[in-house]
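For reference, the structure discussed in these notes is given below.
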């Protein structure tokens, strides 16, 4: 099966969690909006979100076409792909636990995004910088330690993996979260990550997986930038 | 099976989406933290979130005990309960679509919460009132029409229900969202809801379902208040 991924072409964003799963498993997929004739491809993506076209329209990208099925919401896409790509334990309880963790990843990403957009996505960052500084302060002091401390405990209690005994999509998401945090808040995370030895080791292990390593070295991996979820605005981590 | 729901005893919050499902289906359940000896019950709830007790600890309430299974994350709990309570279509595609919609409900609730807490959950509302006013302005102008307009389109395209042909947990969530919005922003929603005739009709239909009606009239239904997700601070909807 050739999967079709629909997501914004210029950013990692939420789509990256799906890209990492497809790449790690060596799946056959097309990143539709990144095909040549980019403007046209983005238009095609947005057209699919209109209920005149699809009876069950996605609310927002990313979404995945798998045959006739169209699935939106990152965690839901991963829940669907997991068993097909061998990136989740086979048992119902194992899959449910993986999905539960992924939903906590979703919550965390929402909070990451709102560090630079605490007032509205309709405004530029520069129009909400004062509020962004204030939100980021609390985010780094209380929320990052709470979430990452939780993920660290989970991985430490499970021999260094988030779920099961082999690579899962939750491991891939942890890799991406640590990469993103390091990019956005380098000074702060360099200190904080000493408390997450299991997650740091997991990050290395994921990056060294042959398919992931090849992906990260390829042009398909978009660089972090200031249009995505993880943004590096140095003023936000200054005290 | 007697389900055990673990959630904060004094608010509707995210737990209410689970309570509504259990009540609508007439399920046998205990709302653990609301048993007599409340302080003790809350302590028992928090103890379960410690990985010394559970190998797969929840990140936050609500969570549900179903036999030996402990499931956290509201949308994940509803995904589990749906088939057991007959509150979701039987097909895999129908269940996935219901869950996808519920994850969009989750996103929306995050945005509702942050209207009164745009900076940090560590601060009181009074300490972030200025930012709350600014965020609420954009929330009511752009986000509410976007989300509710989407849900309206979905229900209108499906004969007045969110999924399938009979009551689902997504219908119950829509009931709760409209109730909450009306409580929090009465003046604004009175105008906006004219654009959502299908959702308003669905709200009435859900409220009239005998089990739901009995629940809403009972003491088990906690009143909306200023500790929950939907809070009525009149100054936030003033222009």
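Summary of packing: across the peptides A:63-71, A:78-86, the per-residue average of other C-beta atoms within 10 Å ranks them, highest first, as A:78-86, A:63-71.
Placing a label point 7 Å from the Cα of residue A:213 along the Cα-to-Cβ direction, the distances to the matching points in the other copies come to 6.7 nm, shortest first. Once the mean of 1/r is taken over each pair of separate Cα atoms and inverted, the protein assembly as shown shows a Kirkwood hydrodynamic radius of 23.1 Å.
Within 10 Å of the Cβ of each residue in B:116-122, the mean number of Cβ atoms contributed by other protein chains is 5. For region B:3-85, a Kirkwood hydrodynamic radius built from all Cα pairs, placed in the Stokes-Einstein relation at 20 °C and 1.002 mPa s, yields a translational diffusion coefficient of 168 µm²/s.
Computing Rg and the Kirkwood Rh from the Cα coordinates of region A:60-208 gives a ratio, Rg/Rh, of 1.00. For chain A, adding -39500 (n - 2.57) for each run of n ≥ 4 DSSP H residues and dividing by the number of residues yields -16000 deg cm²/dmol at 222 nm.
Per residue of A:155-167, count partner chain C-beta atoms within 10 Å of its C-beta, then hand back the mean as an integer.
Average per residue, whole number: 1.
Under the simplified labelling scheme, the residue B:47-residue B:146 pair shows an inter-label distance of 4.4 nm, with each label point 7 Å from Cα along Cα→Cβ. Other protein chain C-beta atoms within 10 Å of residue C-beta, averaged over B:135-142: 3. Packing-based ranking of A:15-27, A:197-209 yields A:15-27, A:197-209, ordered from highest to lowest mean Cβ neighbour count within 10 Å. Between this copy and the others, label points of residue B:227 are 4.6 nm apart in ascending order, each placed 7 angstrom from Cα in the Cβ direction.
Readers should treat all values here as calculations from the given coordinates under stated rules, not as data from a laboratory. Here the structure is a predicted model, which is why all the values come from computation and not from measurement. Cβ coordinates were reconstructed from backbone atoms using ideal geometry, including for glycine residues, and neighbour counts include every protein chain displayed.
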